[in-house]
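The values are calculated or read from the model by the stated rules, or taken from the named source; none is laboratory data. Computed from a predicted structure; not experimentally measured. Neighbour counts run over all protein chains shown; Cβ positions are idealised from the backbone, glycine included.
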Amino acid sequence: MKRVDDFRLKFGKKELVPIIVGGMGVDISTAELALEAARLGGIGHISDALIHDVSDRRFDTSYVKNKTRFYKANIDNSDKSSVQFDLAHLAEATQLHVGRTMEAKRGDGMVFVNCMEKLTMNSPRDTLQVRLNSALDAGIDGITLSAGLHLGSFGLMAEHPRFRDAKLGIIVSSVRALQLFLRKTARLERLPDFVVIEGPLAGGHLGFGLDWAQYDLATIVAEVAQFLKTEQLDIPLIAAGGIFTGSDAVSFLEHGAAAVQVATRFTVANECGLPDKVKQEYFKASEEDIIVNTVSPTGYPMRMLRNTPAIGSGIRPNCESYGYLLDGSGSCAYITAYNREIGLHPDGKNISVMDKTCLCTHMRNYNCWTCGSSTYRLKDTTRRAADGSYQQLSAEHIFRDYQFSVEHQVALPE
Ligand SMILES: Cc1cc2nc3c(=O)[nH]c(=O)nc-3n(C[C@H](O)[C@H](O)[C@H](O)COP(=O)(O)O)c2cc1C
């Protein structure tokens, strides 16, 4: 009987344990978590979502405070189009987070950064260009392009000296999205080094509509594998979404995947950035508690726990401090929804916005409990104390369980 450890992900001469811990913003997939995956011979992700805030918390910088002060006069203005990011600060914060993480890296694995295109930051092209190139400057091993089609993203890095040596890949949820990406980037003569295929059971934003349940990861992986074969393209495929046991992973590795990307099981790791109290919510969740809704202003459906505090919250948009979801013209679907409610309740009291949420603020405060579809199974991966609380696990324990387990077994912690 095969186990994950019988397989290797090959990047040229380099061989890795084919387990990738997926990016989870905002600082849910911490540097500590990513570094453990790398130390154990796999790949870990940090994320550059709300990078200024992450830098402030980790490195005692004051980017958010200073930006809030700079745009203070706009806080009561319902129009946020004047709120911009300083590109030099964005570069600094990215270099700090990525650079410090890379300095701390040990072992044979790799650390990648997850870059979501949907963080349009009121200037989509310029900010993305700075994010990508700063991460390369700071020595990141690879970049995973996510949450968007990224049709121009390779072009934004093409002049960077590391463009052809860093590992660059994209997350897609259909063969069509991959075809589009390859067509648009063909002129650069630089294929992606890996393609993550994220199915409908993943956490975070979904690359499907509300009909997500009609799709199936194994089918999409087979379609993409067939497409690459027809085109005679040799690009490692990485399957993601709902892979809960080592045996789940083996079944993808035996059917065309070069690695798996997993996240949900690591949300209850000691190294994961979620507060301990929130980890307990993930452990406690039942299957009915896990929902997919459209409250994210990005326009993508998102999976989260039903009791997520962010749902229905009517807080004032915090774009002067954050503003990562402002589109190219300075708007965000939450601002529109919030302004509508203010129009209906001009005193501004007891405002509840049900259809959208202020994702920046709530992700920043760990109040948007996004999760994968198998979160309800986390309780089966650990022990329960007499007081009813669940024991958190080490990232190493979870990683090794994926790597060595057989027959869908899940090893409980000591
Ligand atoms: C809490 C959480 C946050 C996530 N945030 C992101 C993110 O910021 N960017 C992204 O590309 N994927 C994100 N994902 C998706 C994961 O990186 C991963 O591909 C997917 O969840 C794997 O499926 P699994 O959770 O069933 O193992 C997130 C997943 C979870 C569970």
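Residues that are surrounded by fewer than 16 Cβ atoms within 10 Å (Cβ to Cβ) and either assigned to a loop (DSSP other than H, G, I, E, B) or among the hydrophobic types (A, V, I, L, M, F, W, C) (or both) occur at least once in the range 255-269.
Pull up the range 175-190, narrow it to residues that are surrounded by 16 or more Cβ atoms within 10 Å (Cβ to Cβ) and away from the ligand (no atom under 16 Å from the Cβ), then point me to the one that is nearest to VAL292 (Cα to Cα). Here the residue is VAL175.
Looking only at residues that are assigned to a helix (DSSP H, G or I) and either of a type in the set (A, V, I, L, M, F, W, C) or modelled with pLDDT under 95 (or both) in the range 319-338, which one is farthest from ILE291 (Cα to Cα)?
Among residues in the range 319-338 that are assigned to a helix (DSSP H, G or I) and either of a type in the set (A, V, I, L, M, F, W, C) or modelled with pLDDT under 95 (or both), the one farthest from ILE291 (Cα to Cα) is ILE335.
Name, by its number, the condition in (1) within 14 Å of the ligand (Cβ to nearest atom); (2) of a type in the set (Gly, Ala, Ser); (3) farther than 27 Å from GLU15 by Cα that does not hold for GLY209. With respect to (1) within 14 Å of the ligand (Cβ to nearest atom); (2) of a type in the set (Gly, Ala, Ser); (3) farther than 27 Å from GLU15 by Cα, GLY209 is out only on (1). Being in contact with a helix residue (DSSP H, G or I) (Cβ under 9 Å, 6 or more places away or on another chain), within 30 Å of VAL410 (Cα to Cα) and modelled with pLDDT of 95 or more holds for only one residue in ILE235, ILE291, ILE243, and it is ILE243. Condition test on GLU281, is it within 15 Å of the ligand (Cβ to nearest atom), of a type in the set (D, E, K, R), assigned to a helix (DSSP H, G or I) and modelled with pLDDT of 95 or more? Considered against the rule, which asks whether it is within 15 Å of the ligand (Cβ to nearest atom), of a type in the set (D, E, K, R), assigned to a helix (DSSP H, G or I) and modelled with pLDDT of 95 or more, GLU281 comes out as yes. The residue of the range 368-401 that is surrounded by the most Cβ atoms within 10 Å (Cβ to Cβ), among those that are free of Cβ contacts under 8 Å to residues at least 60 places away in the same chain and of a type in the set (A, V, I, L, M), is ALA385.
Within the range 252-275, residues that are at pLDDT below 95 reach partners that are more than 10 Å from the ligand (Cβ to nearest atom) with beta carbons closer than 8 Å, at six or more positions or on different chains, in the pairs GLY256/VAL221; GLY256/ALA222; GLY256/ALA225; GLY256/LEU237.
If I filter the range 355-414 down to residues being assigned to a loop (DSSP other than H, G, I, E, B) and aliphatic (A, V, I, L, M), which single residue comes out as farthest from the ligand (Cβ to nearest atom)?
Among those that are assigned to a loop (DSSP other than H, G, I, E, B) and aliphatic (A, V, I, L, M), it is ALA386.
Here LEU35 meets the list (1) of a type in the set (A, V, I, L, M, F, W, C); (2) outside any loop (DSSP other than H, G, I, E, B); (3) in contact with a Ser or Thr (Cβ under 9 Å, 6 or more places away or on another chain); (4) within 12 Å of the ligand (Cβ to nearest atom) almost entirely, failing just condition (4).
Of SER55, SER29, which residue is touching a His at 6+ places or on another chain (Cβ under 7 Å) and not in a helix (DSSP H, G or I)?
One residue alone meets the criteria, SER29.
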